[in-house]
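Engineer: Could you have a look at this structure, given as structure tokens, before my questions?
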Amino acid sequence: MRGANLGSQLPALIFREWGLRVDAVELLSGGMNSQTAAVTTPHARLIAKWVRAAGRADLIRGVHTAQVMKDRGIRAGAAALTLHGALTVPFLGGEIALLEDVPGRPLSTSTEDQSDWGATLAAVHVAQPHSHSPGFYSWLDDMSTALTS
């Protein structure tokens, strides 16, 4: 999929699925296994994240994880639910989520930023739901089938 398709077709999709009027779309670089765009509405700046169909399950797990972390006080870019309560929708042969924009700046390798990384990772580990299985995301694996079906 080409970024131009994403940018030109997002306003109609976002209005239809989320009920939001789009004022502007800015294609972004640097999406992790995805294409991303900043979407400006009259009330918020959001991030649209599109993945190939093969990445659907990972996108759904990621947006669910972001919501769990948000519910526990970690800024994580949780998904805006569609009008029908879905986390994602099929779009242009893949899957798309509309995420809250997390303000700030990209972290660097500076000593100060490394300290912030460490503090945030520690907070995430404390915030994660507990599971009887080993591994950081085992709590999410337990829910994997329900999230992606």
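Engineer: Is it true that R21 is at pLDDT 95 or above and open to solvent by 60 Å² or more (accessible area, probe 1.4 Å)?
Structural biologist: yes
Engineer: Tally time: how many residues in the stretch 29-45 are open to solvent by less than 20 Å² (accessible area, probe 1.4 Å) and under 18 Å from L81 (Cβ atoms)?
Structural biologist: 2
Engineer: Is it the case that some residue within the stretch 101-122 is modelled with pLDDT of 85 or more and either crowded, with 16+ Cβ neighbours inside 10 Å or under 20 Å from W18 (Cα atoms) (or both)?
Structural biologist: Within the stretch 101-122, one or more residues are modelled with pLDDT of 85 or more and either crowded, with 16+ Cβ neighbours inside 10 Å or under 20 Å from W18 (Cα atoms) (or both).
The values are calculated or read from the model by the stated rules, or taken from the named source; none is laboratory data. Here the structure is a predicted model, which means the values were calculated and not measured. Methodologically, a virtual Cβ is constructed for each residue, glycine included, from the backbone with ideal geometry; neighbour enumeration extends over all protein chains shown. Note: areas computed on protein heavy atoms with side chains; ligands, DNA, RNA excluded. Shrake-Rupley method; radii C 1.70, N 1.55, O 1.52, S 1.80 Å.
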